[in-house]
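The values are calculated or read from the model by the stated rules, or taken from the named source; none is laboratory data. These numbers come from a predicted model, not from an experiment. Because the Cβ atoms are built from the backbone with ideal geometry, glycine has one as well, and the counts that use them run over all protein chains shown. To get the accessible areas, we keep the full protein, side chains included, count just its heavy atoms, and leave off ligands, DNA and RNA. Shrake-Rupley method; radii C 1.70, N 1.55, O 1.52, S 1.80 Å.
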Amino acid sequence: PITEYCDQRKLSIDERLKLFRTVCSAVQYAHQHLVVHRDIKPANILITAEGVPKLLDFGIAKILDPALLPENATLTAAGLWMMTLEYASPEQLRGETITTATDVYSLGLILYQLLAGHPAYRFASRLPHEITHAVLETEPEKPSTAVRRAIPAKNENDGDVALTPEQLSSLRDDSPEKLQRRLAGDLDNIVMKAIRKEPRERYLSVDQLSEDLRRHLDGLPVLARKNTAGYRCRKFVIRHKLQVTAATLVLLSVLTGMVLTVREARIARAN
């Protein structure tokens, strides 16, 4: 599974984002052919030995255009909760209309886990009503906040141990402080936009989510953040650090020279 693959190889945040974008391409391909997966979770995204993601198990997928179904196709029975509750969207849990936004939400949950190491929601138990309550009634904390928490042991009787923030960040080739700074800002906003409870408030498509991650990797402003002049300026400075530093040094040199020239002129007039 993609989460285990990334941790075992201690992939950096950038490496995880690039791998995740490949998964987005597969889901977008399905959407372009009018298929919604409806059960995207780490166990259905397996990575080959060569590092190639495979999107599996379209068993409960939804065909958006019934005319595309073969004549002998068997439809999923209405009214049945055929989903993985931990990765189900709010509209799935409420029994509402399923659209491509459902897959955007599930991908957002996986992205959260890849970056922060924690699931977006903390469930009191695996009971359906507990999971439904957490997803529908609570708001997840930002990934940059979650990384400061330890991951509790799954089953201490089986020898599992808690994972400290230091150990969690080391799996991402970073320190806790650097990892928190890396996630704060753009990545927090991208993840939280993907997992908003209302479908219309999420990314319009999986492709748009992937594009925002590309923009982040390239140091460009992202859609998930308000596009203010100050934000654009900061992004420009980050992308062109060397040029900005050189220009600043030149400007300081010119200003220093001007100040010294004026000072010497005043001294000369005084004499």
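The set of residues from region 126-157 being farther than 21 Å from E4 by Cβ, of a type in the set (D, E) and open to solvent by 70 Å² or more (accessible area, probe 1.4 Å) comprises E137, E139.
Residue check: A246 meets all listed conditions (1) open to solvent by less than 70 Å² (accessible area, probe 1.4 Å); (2) modelled with pLDDT of 90 or more; (3) out of contact with any helix residue (DSSP H, G or I) (no Cβ under 8 Å at 6 or more places or on another chain) but one, namely (2). Taking the criterion of being surrounded by fewer than 17 Cβ atoms within 10 Å (Cβ to Cβ) and not in a loop (DSSP other than H, G, I, E, B), the residues of region 177-206 that qualify are E177, K178, R181, R200, E201. Going through (1) open to solvent by 60 Å² or more (accessible area, probe 1.4 Å); (2) modelled with pLDDT under 95; (3) within 19 Å of L171 (Cα to Cα); (4) not hydrophobic (A, V, I, L, M, F, W, C) one by one, K18 falls short only on (2).
Checked against the criteria, E71 does not count as open to solvent by 10 Å² or more (accessible area, probe 1.4 Å), outside any strand (DSSP E or B) and either of a type in the set (A, V, I, L, M) or modelled with pLDDT of 90 or more (or both). Residues in region 21-37 that are over 24 Å from L171 (Cβ atoms) and open to solvent by less than 50 Å² (accessible area, probe 1.4 Å): A26, V27, Q28, A30, H31, V35, V36, H37.
Residues that are open to solvent by 40 Å² or more (accessible area, probe 1.4 Å), aromatic (F, W, Y) and at pLDDT 90 or above are absent from region 118-125 altogether.
Can you pull out every residue in region 210-243 that is open to solvent by 40 Å² or more (accessible area, probe 1.4 Å), at pLDDT 90 or above and not hydrophobic (A, V, I, L, M, F, W, C)? Answer for region 210-243, where residues must be open to solvent by 40 Å² or more (accessible area, probe 1.4 Å), at pLDDT 90 or above and not hydrophobic (A, V, I, L, M, F, W, C): E211, R214, R215, D218.
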